[in-house]
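Worksheet: one structure, shown below.
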Amino acid sequence: MAISSVATVPELAGPRIVTELPGPRAKELIKISEKYEPRSMSDQVPMVWARGERVWLEDVDGNVFLDFTSGVLVVNAGHSHPRLVAAMRDQADRVVNTYDFVNEWRPRLAQRLVEITPPNLDKAIVLTTGAETTEAAIKLARKFTGRHEIIAFHGAFHGRTYGAMSIGGKRSAAGTKGFGPFLPGVVFAPFPYCYRCPFGQTPDNCRLHGTDYLDWLVETETEDDVAAVIVETYQGGAGSIMAPEGWFPKLEAWCRKRDILLIIDEVQASFGRTGKLFGFEHYGITPNLLCLGKGISSSVPVSAIVGESRIVDTLTPGSLGSTHGGNAMSSRVALENIDVIIEERMSENAARVGEVMLARLQQLQNRFECLGDVRGMGLVFGLEMVTSKATREPDPDVTRRIVEAAYRRGLLLIAPIGFYGNVIRVAPPLVIAEEEALAGVELLAEAIAEAAG
Ligand SMILES: Cc1ncc(COP(=O)(O)O)c(C=O)c1O
């Protein structure tokens, strides 16, 4: 596979399918997985990863796939970016786990996070997973305000630990169903899922678009003891759902008016994914607490909360941290990754290539009756599959067949997402070149044509 820097690929490195799929080594490993691992780990196509470079992935049988997953929106800087690999190698020779002792890298990472976020966010807590940040944000909001209620949104996904599940807005999802009861004190508001508005509204006549409903919710569902609103910049797991223009500024103004903290969960939307370094920059809003993860390192597990010191400083020594949080390896790699993303202008590439991809995907929407909605921002897209455009009835079967047909052509997609399992998520690494992106969309078009029959 050819290695090259951001967006300058002279020729496509793949895809290359050289065995039946899955190949013999993949089959062997999947068999072991099925025997020794629970089924919770088995929703993806049977691609067994061996190696990655930029936007290309090789499986254990030597088949090469174009990656439209970025892991799960983690590998923003592309697979095995040489600077990240060098940082990992060098740090592995020095020290890796440092518990919560100060090391050479964690304070510098915290400083860098503060430097690149809005001025009110002046302290950072380095942790390990996204769910850890949303849990910690709830704790911080409660501790700082002395209030206990949290407003979250229908369809929201904030992670799989108990606190995080409790603010997740789809209780019938596989990751939530059967695990209740959840944390008390959480109330849910509608997120503007305009393609399937449960109230039958459109953005121009919608009162949710304002904040009347939130006032109503506070009156009816809360003890008027709301500490915070937590919201994703776009709803990821619910199907890459993007709010209409104007919605976020109104939400922010509403929080300010009521002195309620605004927690923005950008575990998924940050570090260039939406075409800006942070997704909230599109809306001109500022959180009080910002949750980061995934693309913060493009590789090893790292997450962080960046927040206002008046809130963060309510923590006393020993009250928040974890075994791996902020260790020397993860902090160093995250710091290097942030520099790589900024210096190699990956957000800009995501914006530019994303626009071209969106236009091409919209052409597919005109061509295929089953492609009901196409939404996108930077390099994250949701393709909502339906039985017919008129009825908008979700079609999870065709969605799954498309993912499988794409895999057979050497295009890797994540298992379907969305309320009804009928959304294809497209999210390539941010270093993808325009030719690669369009070649991938072409493969996707072939897969849709095959699956739709
Ligand atoms: C918006 C958002 N928040 C939180 C999480 C949880 O992150 P993690 O899986 O690292 O715990 C995710 C993961 O997909 C996410 O998309």
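The values are calculated or read from the model by the stated rules, or taken from the named source; none is laboratory data. Everything numeric here is computed off the predicted structure, so don't read it as measured data. Glycine also receives a Cβ, built like all others from the backbone with ideal geometry; neighbour counts cover every protein chain displayed.
Data for the structure
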| item | result |
| --- | --- |
| Evaluation of ARG196 against (1) in contact (Cβ under 8 Å) with a residue 24 or more places away in the chain; (2) within 15 Å of the ligand (Cβ to nearest atom) (one fails), failing number | (2) |
| Output for region 106-134, where each listed residue is more than 16 Å from the ligand (Cβ to nearest atom) and among the hydrophobic types (A, V, I, L, M, F, W, C) | LEU109, ALA110, LEU113, VAL114, ILE116, LEU121, ALA124 |
| Single condition THR176 does not satisfy, out of (1) within 22 Å of PRO249 (Cα to Cα); (2) in contact with a Lys or Arg (Cβ under 9 Å, 6 or more places away or on another chain) | (1) |
| Complete set of residues in region 232-290 that are part of a helix (DSSP H, G or I) and of a type in the set (Lys, Arg) | LYS250, ARG256, LYS257, ARG258 |
| So SER298, is it modelled with pLDDT of 95 or more, within 16 Å of the ligand (Cβ to nearest atom), surrounded by 24 or more Cβ atoms within 10 Å (Cβ to Cβ) and at positive phi | yes |
| Pick from region 73-125, criterion free of Cβ contacts under 8 Å to residues at least 60 places away in the same chain and among the β-branched types (Val, Ile, Thr), ranking: surrounded by the most Cβ atoms within 10 Å (Cβ to Cβ) | VAL85 |
| Residue in region 265-279 that is in contact (Cβ under 8 Å) with a residue 40 or more places away in the chain, among the hydroxyl-bearing types (Ser, Thr, Tyr) and closer than 15 Å to GLY236 by Cβ present | yes |
| Breaking point among (1) within 16 Å of the ligand (Cβ to nearest atom); (2) out of contact with any Pro (no Cβ under 9 Å at 6 or more places or on another chain), for ASN103 | (1) |
| Restricting region 161-170 to residues that are surrounded by 15 or more Cβ atoms within 10 Å (Cβ to Cβ) and not aliphatic (A, V, I, L, M), the residue that is modelled with the lowest pLDDT | LYS170 |
| Test: residue in region 428-449 that is acidic (Asp, Glu), surrounded by 21 or more Cβ atoms within 10 Å (Cβ to Cβ) and over 30 Å from PHE280 (Cβ atoms) | no |
| Options ARG360, ARG392, ARG400, ARG425; residue that is on the phi > 0 side of the Ramachandran plot and assigned by TED's automatic domain parsing to the domain that holds ARG54 | ARG392 |
| Hits in region 303-316 (condition: more than 14 Å from the chain's Cα centre (by Cα) and buried (at least 24 other Cβ atoms within 10 Å of the Cβ)) | ALA304, ILE305, VAL306, GLY307 |
| Pick from region 159-186, criterion within 15 Å of the ligand (Cβ to nearest atom) and charged (D, E, K, R), ranking: farthest from THR222 (Cα to Cα) | ARG160 |
| Region 381-398 - residue that is among the β-branched types (Val, Ile, Thr) and out of contact with any strand residue (DSSP E or B) (no Cβ under 7 Å at 6 or more places or on another chain) and, of those, surrounded by the fewest Cβ atoms within 10 Å (Cβ to Cβ) | THR391 |
| Residue within region 135-158 that is in a strand (DSSP E or B) and away from the ligand (no atom under 15 Å from the Cβ) present | yes |
| Pair list, Cβ under 7 Å, 6 or more apart: region 169-181 residue without any contact (Cβ under 8 Å) to a residue 40 or more places away in the chain, other residue surrounded by 12 or more Cβ atoms within 10 Å (Cβ to Cβ) and in a loop (DSSP other than H, G, I, E, B) | GLY175/ARG160; THR176/GLY168; THR176/LYS170; LYS177/ARG171 |
| Filtered residues of region 182-211 (kept if loosely packed, with under 14 Cβ neighbours inside 10 Å and modelled with pLDDT under 95) | PRO198, PHE199, GLY200, THR202, ASP204, ASN205, ARG207 |
